[in-house]
Structures are given as structure tokens and as C-alpha cells.
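Scroll down for the structure; my scribbles are underneath it.
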Amino acid sequence: MLFALARDTLADRRRTFAGSFVAVGLGVAMVTASVAVMVSAVTAEKADESLRAIGTVFVFVALLSAFLSVFVVASTLGFAVAGRARELALLRLVGATTAQVGRLVRYEALVVGVAGAVCGAVAGALLAYGVLAVVAPAGVTVTAVALAVAFPTAIALGVVVSLLGAGAAARGAARLDALAALRDTDVETPVMTRRRWVLALASLGAGVLLAVAVAALDAEAQMPVSMVLTGPFVIAAALLAPVFVGPVSRLVTRPAARWTRASGLLAGANVLAGVRRSASTAAPILLAVGVTGAVLGATGVLADGTVTAMRGFYVSDRVTTAAVPAGTAAEPTVETSVGVTVGEGTPEQRVDVIGARPSALRTVFALPEVDGDLRAFDAAAAIGSREYVSTMNWRVGERLPVTLPDGSRTEVQLVATFAGGSLNQKLLLPKAVLDAHPGDEATVVTHLSGTVAGVDTEPTGEWVDRTAGEQGRLLMAGAWVLAGPALLYTLLSVANTAAMAFGARREEFAALRRTGVTRPQLRRMVLWESLAVSLVGAVLGGLIALAGSLVMWTVVARTGPAGLPLRLPWLEVVALGTGAAVVASLVAVLILGRVSRPAAVRR
């Protein structure tokens, strides 16, 4: 009987639950597409390094999409259920038990979750075909195996997230005082429940513990832990958003109240009166700014660190890629890559290498704190940075199986390491070995102590900035590939939540119109509200993104090169916050225009 009642309720209140349906569908679509692309890439018949890289990237996209969908779906479902507080209280008044009310809400969430998950999975499969057509080589497409993995995974995630999102709202609805349904005032359940406080403080404590762990871990473990450090703080901020709605929104509404006759004052009162509504609207903005800003900020630090590390690695005066006259005092090197095996039974991976003569170890490269014997750098030897060698689990004296650029295989002995920093991801091999086994992608770079007549040279620092800067741009492009889908999802969620929040206030807007408030005044009031709520999410998310980037900079500066510039993602945070505020404001004004038409006001 309760399931039939839930079905009938959804049929009658399609508009109320439309936002929740969209939130579930978008989240499941993102996860379906990511999993399908990942599985298709790694199981392709000719899966090369580029396809494996695509698969790795979309593993992170899938995880990030799943992480974001938990909060967005929970927020929208909780808001939809809270909007029916009076109706649920009336059910209690006519005899429904608290357990029955809770089950009714969960049944409604189950129906919404299943419908949204199925539609989202179909949309995600279509999206996966488009993504692979853009990023993968010709002939690689979505496989039946990929869909068989992606569909049940994403649908199960959508249903579970829907039920989890409805859980807190169901408990709150079940605790409603039935007599509250007889009052004329709005029925509002407490936002910051004991359970929410416990979860928020637990997430905050987990973030603090991770921050302490970063300082205590060794150099090679600090960087990956720093990458996920912002996660617990984002969770804590999303849960604590109702606490910050009042203080932060006053930064906007108080000046607005002084500058306007009524709209600013009304906006401030509405934000404070509807804390749940304001927090639900701010949550996806917080996620958009916090998660995307943290990813872009950390990647920017890594890009700067790569350039700084390479600038300190080369000590020659000038370089050229052109041929130099015979007899010129020069040290030619070869920039290419080789295949290495990290351990027995593991797949081969490509490693950037520099082919150099033994004399270049003194004139071209800075090799501090050497462990081993540089004099042993002969035809079957290799040298690497200590941090990189440790990451690969190699030891000085170990023989490494290597696939040379022409495809032939050999072994080299790791004879020495140096303190190059965790961002110096290169090995030094004898130039004679690479000359004897050339590849198509090899680049000859000649290092000079000065200019040479008739030869186009450039300062080594400028060459490093140009070549390593290109690597940095590729890193940032990869960060956008990772964060872009998540940003799109959260911006769509901002629009969806704003539409739900302002669309549910039809009667309130109509009452204001009947009392003489003009449509321009209503529009200004809604804009001030949108700006205030957006500021809550942007400030909390921005602080998390900036703090996470600062931690990453500290880690890279400690384990990497000296002279690393401090660059925080101020511009990215401001741009993300502004974009989210614009989306929320536009949607709010559009919804207001529809619900405040004369026909709607007369109802």
C-alpha cells in the first residue's frame, strides 16, 4: 500500500521531484560514460600506452563523478522531501506511524532513483560513444563488455545514492510533530541534526588527520596524499553549509538593504528564513569551486614544479637543435623515451631518458648528493634521481630490463642516483647506446658554453621554459579533462537546484505581488538572494581550494626543486565562483518570470 501511495505521490508531484530525477540522471550518466570509456580503452585489441592513459584518466573521472553525485543527489532529494513537510505531518495526523512515513519517503526515493538511473545510464552510454570518438584512435569504440560493466555499476550507484540521500530526510519527516500541520506557518525540520553534526565533525577530523599525516610521511608518499587532502574538507563544508549561511550571506544582504528600499532587506530575510533551501543551493556551488579549484590549483603547482626542476637540472649556458661545426666544444644529448619494467610480471611503461656522454655529467647536468659511482657510467649503465628511483622500487646496482627506441631489448645497471626531486622523471643513459638503437621520436639537443657563429642557439633557461612549459600545458589540459566533466555536472546541478528552490516559492512570490511588490523589485530581490547564496558556496569552496593548493605547494617545495614560485588558483576560484553565481542567478530570474506572471498570481 505504501509503495502504491509513493507512486501516486510522484505522479501528482512530478514538478517537486523533477529536480531529484535530473540530479540522479546526470550523476549516473557521468559515471556510466566514464566507466564505459575506461573499460573500452583498456580492453581494446591494440591497447597501447595512450589508451591506457585514457583509461587511467577516466578512472579518476568516474570516482570524482560518483563523489559529487552523492552530495548533489542527497541535497536535492532532501530539499524535495523537506518541501513536503506539511503533507507528511498531515499523514501523521490521520494515523500514519513514524515508520510508515519513513518508508514512504524511501519508496519515493527508490522510484526516483531507479527511473533516473535507467535514463542516466542510457544517456551515459551515448555520451561514451561521443567521448571515445574524440579522444581515442580510430576504430576504438564502446564494447559490449564495457556496457555490461558500466550499466549495473552506475544504476546501482544511482539507486544507493538516492536511498542514502533520502535517509536523513526520512528520519526528519518521521520526527515531525503532527500538530505542526495545523499551523499556518511553514513546517520546517531542523537542518543541523545531531547526525549531521557528527558526520561533519568526523569529516573535518579526517581532514585534519590527513593534513598531519602529510607532514609525517616520507617524500614519495606526501604528494599523492596531498592530492586527496581536500576531499574530507569538502564533505565537512557541505555538511556545515547551513551554519555559514547566515554569517556569509550578511556580507551581501546588509549592504543591499542599505542600497535598496525593500529588495535587499527581503532578500536577507528570505535567506535566513530558508536555511535548508539556501544550503541546498549553495552545496553544488561549493563542490564546483572547491573540487575543480583544488584540482586545477594542485596541477598548476605540479606544472610550475616541473619547469623549476628542469631549470635547476641543466647547467649549460646555451643549447641548439641544429647541427654544429666539427671541432666545436659541445655536448650533444639525445632526448627520447624507452620502455622499462618496474617488476616481474608488471606491464612495461615508457620512461623519458636523456642520452649523454660521461663528460656531460660535469658540464650539462647538476647532480647533487650522488649515491653510487658516476665513473661507472659506461655503455651498459643508467643514472636516475633518487626520488624517482625510489618510486620505481629500484636500487643502485640493480639491472633494469630496457626496451630501446628501435624495439630491441637490453639490460642496464643502475650505477648511481642523485637528489633531483620528485618531479625529475628522467633517466640518464649512455648516448652511444641510444645512437646505436635510434627511434623516430628522438631529439638531439646540443649543449654549448657560448654562441657559435652561423648556428641558431638560445639560452638554456629559455629552452627549458619552452619545452618544460609545454609539459606544464599538457598537465593543465589533463586537469581540465579530469575536472571539466565534474565542473559541467556541478554547474548543471547548480541550475537544477536553483530551479527547485525558486520554483517551490510560487505562492510566496504571488503573495508578494498581491501586496504591491512590483516585478522589478521581485527580480532584484531574487538576484540579491542568488548572489548571497552563491557567495556561501564560493567562499567555502574557494578557501578549501586555496588551502589544498598551498599544501601541495609546500609538499612540492619541500621534496622538489629550490625556487618554486608560489602560485595559488586565485583567478580560477574567482572565475568558478562567478560562473556558478551567474548560472544560479539566470535560472532564478527565469523561474521567477514564469511563476510571477499575472495568470500565476491570480491563482
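The values are calculated or read from the model by the stated rules, or taken from the named source; none is laboratory data. Only a predicted model underlies this, so the values are computations on that prediction, with no experimental measurement involved. So basically every Cβ, Gly included, is an ideal-geometry build from the backbone, and we count neighbours across all protein chains shown. Note: accessible area is taken over every heavy atom of the protein model, side chains too, but ligands, DNA and RNA are not part of it. Shrake-Rupley method; radii C 1.70, N 1.55, O 1.52, S 1.80 Å.
Given the condition in the same structural domain as THR328 (by the TED database), open to solvent by 20 Å² or more (accessible area, probe 1.4 Å), in a helix (DSSP H, G or I) and under 15 Å from VAL402 (Cα atoms), answer yes or no: does some residue in segment 439-459 qualify?
Taking every residue of segment 439-459 in turn, none turns out to be in the same structural domain as THR328 (by the TED database), open to solvent by 20 Å² or more (accessible area, probe 1.4 Å), in a helix (DSSP H, G or I) and under 15 Å from VAL402 (Cα atoms).
Restricting attention to segment 91-131, report how many residues are farther than 17 Å from GLY165 by Cβ and of a type in the set (Lys, Arg).
As a first pass, look at segment 91-131 and keep what is farther than 17 Å from GLY165 by Cβ: 91-100, 118-119, 121-131.
From what's left, of a type in the set (Lys, Arg): 92.
Qualifying residue count for the region: 1.
Enumerate the pairs (first residue in segment 120-133 and over 18 Å from VAL24 (Cα atoms) and touching a residue at least 40 places away in the same chain (Cβ under 8 Å); second residue anywhere and polar (S, T, N, Q) and open to solvent by less than 10 Å² (accessible area, probe 1.4 Å)) with beta-carbon separation below 8 Å, excluding pairs fewer than 6 apart on the same chain, so at least 6 apart or on different chains.
So the pair list comes out as LEU132/SER40.
Mind checking which residues of segment 155-166 are at pLDDT 85 or above and either β-branched (Val, Ile, Thr) or under 14 Å from ALA23 (Cβ atoms) (or both)? Talk me through it step by step, then tell me what you get.
As a first pass, look at segment 155-166 and keep what is at pLDDT 85 or above: 155-160.
ILE155, LEU157, GLY158, VAL159, VAL160, listed by residue number.
Output the residues belonging to segment 249-267 that are surrounded by fewer than 22 Cβ atoms within 10 Å (Cβ to Cβ) and within 29 Å of TRP197 (Cα to Cα).
ARG250, LEU251, ARG254
Can you confirm whether segment 333-340 contains a residue that is assigned to a helix (DSSP H, G or I) and at pLDDT below 80?
Within segment 333-340, the subset assigned to a helix (DSSP H, G or I) is none.
Checked segment 333-340: no residue is assigned to a helix (DSSP H, G or I) and at pLDDT below 80.
Kindly evaluate ALA89 against the criterion of being modelled with pLDDT under 75, surrounded by fewer than 24 Cβ atoms within 10 Å (Cβ to Cβ) and in a helix (DSSP H, G or I). Working first, answer last.
On the way: modelled with pLDDT under 75: yes; surrounded by fewer than 24 Cβ atoms within 10 Å (Cβ to Cβ): yes; in a helix (DSSP H, G or I): yes.
Here the answer is yes, as ALA89 does meet what is asked.
Among the numbered criteria (1) on the phi > 0 side of the Ramachandran plot; (2) open to solvent by 30 Å² or more (accessible area, probe 1.4 Å), which one does LEU474 miss?
(1) is the only condition that LEU474 fails.
Take the conditions open to solvent by 20 Å² or more (accessible area, probe 1.4 Å), under 31 Å from the mean Cα position of the chain (by Cα) and modelled with pLDDT under 80 and apply them to GLU348. Does it pass?
Spelling it out, GLU348 is indeed open to solvent by 20 Å² or more (accessible area, probe 1.4 Å), under 31 Å from the mean Cα position of the chain (by Cα) and modelled with pLDDT under 80.
So ALA237 ticks every box in (1) open to solvent by less than 30 Å² (accessible area, probe 1.4 Å); (2) within 27 Å of GLU387 (Cβ to Cβ); (3) of a type outside the set (Ser, Thr, Tyr) but one. Which box is left unticked?
Only one criterion is unmet by ALA237, namely (2).
Answer yes or no: is there a residue in segment 274-294 that is in contact with a Lys or Arg (Cβ under 7 Å, 6 or more places away or on another chain), open to solvent by 10 Å² or more (accessible area, probe 1.4 Å) and assigned to a helix (DSSP H, G or I).
Applying the first criterion (in contact with a Lys or Arg (Cβ under 7 Å, 6 or more places away or on another chain)) to segment 274-294 yields none.
Within segment 274-294, not a single residue is in contact with a Lys or Arg (Cβ under 7 Å, 6 or more places away or on another chain), open to solvent by 10 Å² or more (accessible area, probe 1.4 Å) and assigned to a helix (DSSP H, G or I).
Based on this model, can you work out whether GLY102 counts as open to solvent by less than 10 Å² (accessible area, probe 1.4 Å) and modelled with pLDDT of 85 or more? Talk me through it step by step, then tell me what you get.
Working: open to solvent by less than 10 Å² (accessible area, probe 1.4 Å): yes; modelled with pLDDT of 85 or more: no.
So GLY102 does not fit the description; no.
Having 3 or more residues that are closer than 28 Å to SER203 by Cα and open to solvent by less than 30 Å² (accessible area, probe 1.4 Å) is the bar; report the helices (runs of 4 or more DSSP H) wholly within segment 493-603 that clear it. Break it down stepwise before answering.
On the way: elements: 506-514, 519-559, 570-595, 598-602.
Correct list: 519-559, 570-595.
From the list VAL271, VAL307, VAL370, which residue is open to solvent by 10 Å² or more (accessible area, probe 1.4 Å) and assigned by the TED database to the domain that holds VAL252?
On the way: VAL271 fails: open to solvent by 10 Å² or more (accessible area, probe 1.4 Å); VAL370 fails: assigned by the TED database to the domain that holds VAL252.
From the options VAL271, VAL307, VAL370, the qualifying one is VAL307.
So which residues in segment 192-243 are closer than 30 Å to ASN424 by Cα, among the β-branched types (Val, Ile, Thr) and in a helix (DSSP H, G or I), if there are any at all?
If the condition is that a residue be closer than 30 Å to ASN424 by Cα, among the β-branched types (Val, Ile, Thr) and in a helix (DSSP H, G or I), then VAL208, VAL212, VAL214, VAL225, THR230 are the ones that fit.
Tell me, yes or no, whether segment 376-397 has at least one residue that is open to solvent by 60 Å² or more (accessible area, probe 1.4 Å) and within 24 Å of VAL444 (Cα to Cα).
Step one: filter segment 376-397 for residues open to solvent by 60 Å² or more (accessible area, probe 1.4 Å), giving 378-379, 386, 391, 393, 395-396.
Those still in the list that are within 24 Å of VAL444 (Cα to Cα) too: 378-379.
Yes - at least one qualifying residue is present in segment 376-397.
Search segment 20-45 for residues being farther than 19 Å from LEU487 by Cβ and of a type in the set (Ser, Thr, Tyr), and hand back the single one that is surrounded by the most Cβ atoms within 10 Å (Cβ to Cβ).
Result: SER20.
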